[in-house]
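Trainee: Quick one: structure below, then a few questions.
The values are calculated or read from the model by the stated rules, or taken from the named source; none is laboratory data. The model shown is predicted, which means the values in this text are computed figures rather than measured ones. Cβ placement follows ideal geometry from the backbone for every residue including glycine, while neighbour counts extend to all protein chains displayed. These area figures cover heavy atoms from the full protein model, side chains too; ligands, DNA and RNA do not enter into them. Shrake-Rupley method; radii C 1.70, N 1.55, O 1.52, S 1.80 Å.
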Amino acid sequence: MSKAKAVSLISGGLDSLLATKVTMDQGVHVEGINFFTGFCVEGHTHAIRKKDKARPKRNNALWVAETLGIKLHIIDIVEEYKDVLLNPKHGYGANMNPCLDCKIFMVHKAQQWIEENNFDFIITGEVIGQRPMSQRKETMPVISRESGADDRLLRPLCAQNLPATLAEREGWVKRDELYGFSGRNRKPQMALAKEFGFTDYASPAGGCCFLTDENYSSKLVDLWKGRGVREYEMDDIMLLKVGRHIRPNPNFKLIIGREDGENKFLQGYKNSYTSIKMISCSGPLTLIDGVTNDADLELAARITARFSQGKNEETVTVETKRTNGETKTMDVKPLPVSEMQQEWYV
Amino acid sequence: MAHFELDARRMFCPMPVIRTQDKIKELSAGDTLDVICTDPGALHDIPAWCRINGHIVLQTKELNDEVIVKVEVCIDA
Ligand code: SF4
């Protein structure tokens with residue numbers, strides 16, 4: 001009999017690493033699938049900031065696949081994911097994370113993938129009770145059902161707490177060699193990782209996407225409010241990860257580089273946004289998101305100057321450049337701290 | 001055997017990897033592909049993806065803020 005074939009949803013965290021290993025050890029041919037929503041936490045976007053340069057630059061999903069010796073298919077779902085994020089049927093978690101809809105969507109995509117590639121079942125690293133929104137006893141069948149995967153979805157780490165799936169009934173995997181983990185306690189997973197000799201895995205508690213981050217989520221909500229419409233493009237997602245975001249007026253916000261790495265990164269967007277750079281001293285590069293008149297631009301220049309080396313000078317010289325190429329040099333007084341309003345910080 | 005180029009400038013990882021993966025699907029064994037990126041993370045990720053999926057990285061170089069990864073497509077990919 002030829003080997004059963006499974007595709008495993010690889011997030012790059014410990015749970016999917018273990019679930020895959022457990023299944024492979026039962027003789028199943030496993031390949032990995034990783035979905036890129038645009039919000040995934042990536043070492044490289046951290047690397048935008050110079051101070052983070054010492055961190056290892058690695059994509060954890062690729063690392064997991066390489067550790068296990070399996071193929072990894074990375075799928076770009078940025079466009080399709082917009083509807084998941086903007087209209088989640090099951091709502092949001094603590095922040096802008098639509099975890100349950102996200103899981104359903106990803107398993108649904110995996111189901112399509114196994115149909116196209118003649119695979120037998122899908123595995124995930126889900127554990128009952130691990131996460132308050134998507135990994136509860138009640139949500140497990142919801143994911144199976146609404147994704148269309150039904151009993152082709154196996155969760156090897158908590159399978160013993162759930163009804164037997166097709167993979168168990170067909171004998172592709174032995175149920176008694178699967179696990180019955182539950183709850184938020186991660187000790188069993190850590191012990192299993194140790195047993196397998198996995199040491200360098202990504203932080204077990206680490207979230208897999210920026211949408212679970214409170215600061216990121218509030219910037220996203222602010223972006224929609226500022227534009228009066230709930231939509232986004234890839235550039236928006238990226239820019240929300242970078243710089244100080246300051247909205248002194250409802251019609252525009254500033255994205256101010258915090259150090260050289262970010263300034264350089266923002267430089268790449270200079271043709272699509274109005275920008276401000278310091279001339280008479282060193283300082284940040286600022287992009288303006290929104291529509292500004294001359295008075296707005298002057299205020300933005302004064303705020304930028306406040307974060308420059310010349311913040312204590314009487315005046316500093318800045319250059320502003322609009323997207324139509326119109327460039328202006330002006331002398332402005334850096335905005336005093338006392339006039340920087342706390343609520344401007346997004 | 002032909003040579004191809006993939007422009008992955010201004011993309012952030014994992015997009016250059018995804019584009020490499022999708023491009024390689026259209027190529028044949030023995031073809032070579034230069035992937036040109038501006039995210040230095042590609043220097044790590046494209047070779048990792050190639051190791052996993054059985055392709056060979058012939059060369060990587062950094063030139064004027066750009067990263068070029070030269071890949072040879074292999075048969076059993
Ligand atoms: S944390 Fe992000 S990627 Fe993970 S399930 Fe929730 S929304 Fe999806």
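Trainee: Hey, A:V7 hits all of (1) within 14 Å of chain B (Cβ to nearest Cβ); (2) part of a strand (DSSP E or B) but one; which does it fall short on?
Mentor: A:V7 satisfies every listed condition except (1).
Trainee: Out of A:G43, A:G13, which single residue is modelled with pLDDT under 95, more than 14 Å from chain B (Cβ to nearest Cβ) and closer than 21 Å to B:P14 by Cα? Even if it seems obvious, please write down each step before you answer.
Mentor: On the way: A:G43 fails: more than 14 Å from chain B (Cβ to nearest Cβ).
After applying the criteria, what remains is A:G13.
Trainee: Turning to a different aspect of this structure: Please work out which residue is modelled with the highest pLDDT, limiting yourself to the stretch A:46-57 and to residues that are at the interface with chain B (Cβ under 10 Å from one of its Cβ atoms) and open to solvent by less than 40 Å² (accessible area, probe 1.4 Å).
Mentor: Across the stretch A:46-57, the extreme among qualifying residues is A:I48.
Trainee: Could you check the stretch A:58-103 and list, in sequence order, the residues that are under 26 Å from B:P40 (Cβ atoms), out of contact with any strand residue (DSSP E or B) (no Cβ under 9 Å at 6 or more places or on another chain) and either within 11 Å of the ligand (Cβ to nearest atom) or not in a helix (DSSP H, G or I) (or both)?
Mentor: The answer is A:R58, and nothing else.
Trainee: Residue under question is A:N215, and the condition is that it be free of Cβ contacts under 8 Å to residues at least 24 places away in the same chain, open to solvent by 30 Å² or more (accessible area, probe 1.4 Å) and not assigned by TED's automatic domain parsing to the domain that holds A:Y92; does it hold?
Mentor: Working: free of Cβ contacts under 8 Å to residues at least 24 places away in the same chain: yes; open to solvent by 30 Å² or more (accessible area, probe 1.4 Å): yes; not assigned by TED's automatic domain parsing to the domain that holds A:Y92: yes.
So A:N215 passes the test.
Trainee: Also, quick follow-up: So, A:A300, is that one crowded, with 18+ Cβ neighbours inside 10 Å and at pLDDT 95 or above or not?
Mentor: Working: crowded, with 18+ Cβ neighbours inside 10 Å: yes; at pLDDT 95 or above: yes.
Yes; evaluated as a whole, the condition is true for this residue.
Condition check ((1) part of a loop (DSSP other than H, G, I, E, B); (2) within 16 Å of the ligand (Cβ to nearest atom); (3) not aromatic (F, W, Y)) across all residues:
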residue: A:D176; (1), (2), (3): no, no, yes
residue: A:Y179; (1), (2), (3): yes, no, no
residue: A:M190; (1), (2), (3): no, no, yes
residue: A:E195; (1), (2), (3): no, no, yes
residue: A:D200; (1), (2), (3): yes, no, yes
residue: A:S203; (1), (2), (3): yes, yes, yes
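Trainee: Check the stretch B:11-29 and report whether any residue there is assigned to a strand (DSSP E or B) and either buried (at least 18 other Cβ atoms within 10 Å of the Cβ) or away from chain A (no Cβ under 12 Å) (or both).
Mentor: No, the stretch B:11-29 contains no residue that is assigned to a strand (DSSP E or B) and either buried (at least 18 other Cβ atoms within 10 Å of the Cβ) or away from chain A (no Cβ under 12 Å) (or both).
Trainee: So which of A:T124, A:T139 ends up being of a type in the set (S, T, Y), modelled with pLDDT of 95 or more and buried (at least 16 other Cβ atoms within 10 Å of the Cβ)?
Mentor: None of the other options fit; the residue is A:T124.
Trainee: A:L166 - would you say it is in contact (Cβ under 8 Å) with a residue 60 or more places away in the chain, assigned by TED's automatic domain parsing to the domain that holds A:V28 and closer than 22 Å to A:E138 by Cβ?
Mentor: No; evaluated as a whole, the condition is false for this residue.
Trainee: For the stretch A:26-41, how many residues are more than 14 Å from A:K241 (Cβ to Cβ), open to solvent by 10 Å² or more (accessible area, probe 1.4 Å) and within 15 Å of the ligand (Cβ to nearest atom)?
Mentor: Residues flagged as more than 14 Å from A:K241 (Cβ to Cβ), open to solvent by 10 Å² or more (accessible area, probe 1.4 Å) and within 15 Å of the ligand (Cβ to nearest atom) within the stretch A:26-41 amount to 2.
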